[in-house]
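The values are calculated or read from the model by the stated rules, or taken from the named source; none is laboratory data. Since this is a predicted model, take the numbers as computed values, not measurements. Cβ placement follows ideal geometry from the backbone for every residue including glycine, while neighbour counts extend to all protein chains displayed.
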Amino acid sequence: MNVRIIFLALFLAFANSNLHAREIHYGAVSHADLLVCDQLHWHGKTSESAACYRELLGSDVPAEVHAEAAWALSELQLANRLFRDAVAANPDNAAIRVRWGDLFAASHQDGEAMNIYREALEIDSNNAFALLGAARVLVGGFDDEANIYLEPLLTDATRDEGARVAAWLIVARVSLESSNQRQAVDAMDKAERILENSDWPPLELYALRAAADLLNNVTDSSYTGLSLEYNPVYGGIYAIPAHFYVITRRYRDAIDMYQKSVDIEPGLARAHEELGINLLRDNQMSRARKHLEIAYEQDPFSPAAVNTLRLLDSFENFEVISDPDLPEKGVLPITLRLHRDEAAIIAPYAVALARDSIAEFTDRYGFELAEPVVIEMYPDHEDFAVRTAGMPGIGILGATFGYVVAMDSPSNRPPDQFQWGTTLWHEMAHVFTLEATNHLVPRWFSEGVSVFEEWRSGPNPGVRIPMSVYSAMKDDRFLPIDELDEGFIRPTYEEQVIVSYMQAGLVCQFIDETYGTEKLKAVLYAFRDGMQTGEAITTVLEISPATFDANFDAFVEREHGTVLDNLDDWQRTQQSVGQHLLSEDWESIVGLAEHLIELLPQYIEPDSPYIALARAKEALGFQADAIRALERFWRNGGYDPGSLNKLAAWFNDEGRTDDAIAVLQSVNLVLPLDQEIHGTLGDLLIAADRPNEALREYTVALALDPHDKATAYYRMARAHNALGDREASQGQLLQALDVAPNFRPAQRLLLELMRADQGSEHN
């Protein structure tokens, strides 16, 4: 049987079978005295096995056996020295070298482990356990090269049966992660048939069977009892299924399972680590630190434990802000965790956006939040990555763990690549789809609703589809609705994840526009009731998945067929616009950009033809046309800060104050750390007799520590004065004059206030 594994493409770390310091070796070592100790350990006789290993460590046995005993006693440095000595004494023994590689792999040193496995294979190219070790490392890194090492073990029945058992268990685990239940069960059956003829423990098999039951909503698996009967202190029986709660985003259920795991096996470092990381996802900081510190003490080589503890230490640089102005009694507060350098700037906008999203989604999806939402923003993307997955290097912008939202802060990414307000809106939609379904919503639908709500109701509305996705549409690479989740968890080409995001958003748009909002909501609640995608479509929409796919294809053709039919033309013309921009050939750009806009009016990426057209029209002296081009860009959802700042200035010059204000408010959702924008926006708001909003902008501008503090204090004074708070206004003016004693505007306003006070006293 030719089985190829497609690895889970999620940000979550692969939970390999290394839940023990020394995992079940399935016959990779065969020394009789060592196996006696191993059998005691595998049956949960902890004190007896420890004494056995200790005695073996002091006995007259080969160095590699001493190394195994030291490893079993968690004396890893001693084990490493002993393996090194054993390899030096037996340089042609591939089996000893493989076990040394296994020790490195167990110590999170995958690169060194792979080097040793390759050395072993140079000595013995058929060594089954060297193939197995290499496959395990590569599976842990989501590397398709793992198949090269796995395939001989899966297809050649003459290979060592212990290695074959472990290989089939890898297949089972990855298949479960990829929602391929049939392949997982087949792999477990094959492993079980081999185990029946051996003395190796079935503990990992039992844990995977229990995980499969859990994924089928059987929470009281018979395999849990079988495992505890075989070994009452095998924590993997809870830790391995808990991993599948995590990848299906049921974090609180995972916490309970990991807690059971460490309760029966307190020395299980990986379970303590995962328990700590998931407690963080539930905002249980103190309890999380406790388990992460235990994990680090037991396994100081773990990058995830080290990184997450460092992240927790960095929280001393963050401020926790509770929403101070609840709109009405009984409304849940919003809690923000923001870096102290950005807290005063971001907080007012984040609270307002979160409040608006809660009102929108509560009404639309008929679900009321039961707990406060915690929103965290990280100016360092790697801190956000560690917060999300325990490891740096992930490429996402935000993540939602139920009532906890974590995301990059506005200072984290270039403004032309990151509209933080839209990201927050997207993540807040996840809060609703996850909690309304008890976290049973499939990934595609949760992401689809979030993308659709970005387009429909977000702070920067408009359907925004990257050109790579149009290419996928044209190449007919959208997946059937029943398989759409696979585009997120088992991508088969580089752009498939973003293509799946956009397809999911279009699917939700299609359902909403074709069948109505109530049907979209009904599909959401069908998932809460345990339905899978096909069943939900059939039950709620009363059509088969195949008919749904056909209707959806017609919708895509109707909405986007023009650009798909002219995609090659669009791409050639866009390239030509870029060339003419370099030579400043404005006359040519006008015709080319207008042609692009006619083909695809909703394209508002940083290289949008609207921007090129506006530049060309301005250069040619047609400012009114330039304004119209940028206005269309903005109203279609464009958010390039440079273009919008120019548009706001033009609007203001034309007396379109309200439009200028709206444009600059859009810029705040991209670039809130620009002090000048807040000052300008505040001035416009004052002119429009909107002093409350102006005060917010001036307060933020002052928090950004402007060079011209006198003007900043003076602006604050004007806002307070407009609100009728003369005392606060005078206080700000005195601060302005303390900075710049001869600042005439402040002097004049202070004099006016003092005269007004004298007049009040006289009256």
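Restricting the range 356-395 to residues that are modelled with pLDDT under 90 and either closer than 17 Å to Val449 by Cβ or in contact with a Pro (Cβ under 7 Å, 6 or more places away or on another chain) (or both), the residue that is surrounded by the most Cβ atoms within 10 Å (Cβ to Cβ) is Val386.
Counting the residues of the range 245-274 that are farther than 24 Å from Thr433 by Cα and not charged (D, E, K, R) gives 11.
Note on the range 523-543: among residues that are in contact with a Pro (Cβ under 8 Å, 6 or more places away or on another chain) and crowded, with 16+ Cβ neighbours inside 10 Å, the one that is nearest to Tyr365 (Cα to Cα) is Phe527. With respect to the stated conditions, Glu427 fails to be under 16 Å from Ala354 (Cβ atoms), crowded, with 20+ Cβ neighbours inside 10 Å, at pLDDT 95 or above and in the same structural domain as Asp482 (by TED's automatic domain parsing).
Please verify whether Glu297 is surrounded by fewer than 15 Cβ atoms within 10 Å (Cβ to Cβ) and not polar (S, T, N, Q), treating the condition exactly as stated.
Yes, satisfied.
Only residues that are more than 21 Å from Asp253 (Cβ to Cβ), β-branched (Val, Ile, Thr) and part of a helix (DSSP H, G or I) were counted across the range 396-448, and they come to 2.
Please tell me if Ala688 is within 30 Å of Leu723 (Cβ to Cβ), small (Gly, Ala, Ser) and within 31 Å of the chain's Cα centre (by Cα). For Ala688, the condition - within 30 Å of Leu723 (Cβ to Cβ), small (Gly, Ala, Ser) and within 31 Å of the chain's Cα centre (by Cα) - is not met. Restricting the range 196-250 to residues that are among the aromatic types (Phe, Trp, Tyr) and assigned to a helix (DSSP H, G or I) leaves a set whose member that is farthest from the chain's Cα centre (by Cα) is Tyr230.
Exactly one residue out of Val523, Val507, Val499 is at negative phi, in a helix (DSSP H, G or I) and touching a Gly at 6+ places or on another chain (Cβ under 6 Å): that is Val507. Cβ-Cβ contacts under 6 Å between residues 6 or more apart (or on different chains), taken from a first residue in the range 641-657 that is under 10 Å from Val667 (Cβ atoms) to a second residue that is outside any helix (DSSP H, G or I), are listed as Pro641/Pro415; Pro641/Val670; Pro641/Leu671. In this entry, Ala359 is excluded by the filter for residues that are small (Gly, Ala, Ser) and within 23 Å of Pro414 (Cβ to Cβ).
The residue pairs whose first member lies in the range 695-716 and is farther than 22 Å from Tyr349 by Cα, whose second member is in a helix (DSSP H, G or I), and whose beta carbons are closer than 7 Å, counting only pairs six or more residues apart or on different chains, are Lys709/Val739; Ala710/Ala736; Ala710/Val739; Ala710/Ala746; Tyr714/Leu733; Tyr714/Ala736; Tyr714/Pro745; Tyr714/Ala746.
Screening the candidates Thr562, Thr573 for the property of being surrounded by 14 or more Cβ atoms within 10 Å (Cβ to Cβ), in a helix (DSSP H, G or I) and at pLDDT below 95 yields one hit, Thr562.
Considering only the range 29-78, state which residues are under 26 Å from Phe301 (Cα atoms), free of Cβ contacts under 8 Å to residues at least 12 places away in the same chain and part of a helix (DSSP H, G or I). Once the filter is applied, which keeps residues that are under 26 Å from Phe301 (Cα atoms), free of Cβ contacts under 8 Å to residues at least 12 places away in the same chain and part of a helix (DSSP H, G or I), the range 29-78 yields Ser47, Ala51, Gln77, Leu78. Within the range 671-712, the residues that satisfy the criterion of being of a type in the set (D, E, K, R), out of contact with any Lys or Arg (no Cβ under 8 Å at 6 or more places or on another chain) and farther than 23 Å from Trp420 by Cα are Asp689, Arg690, Asp708, Lys709. State whether one or more residues within the range 669-688 are within 20 Å of Pro745 (Cα to Cα), in a loop (DSSP other than H, G, I, E, B) and in contact with a Gly (Cβ under 9 Å, 6 or more places away or on another chain). For the range 669-688, residues within 20 Å of Pro745 (Cα to Cα), in a loop (DSSP other than H, G, I, E, B) and in contact with a Gly (Cβ under 9 Å, 6 or more places away or on another chain): absent.
Checked against (1) of a type in the set (Lys, Arg); (2) under 26 Å from His41 (Cα atoms); (3) surrounded by fewer than 17 Cβ atoms within 10 Å (Cβ to Cβ), Arg182 meets all criteria but (2). Being free of Cβ contacts under 8 Å to residues at least 24 places away in the same chain and either surrounded by fewer than 21 Cβ atoms within 10 Å (Cβ to Cβ) or not charged (D, E, K, R) (or both) is a description that applies to Asp738.
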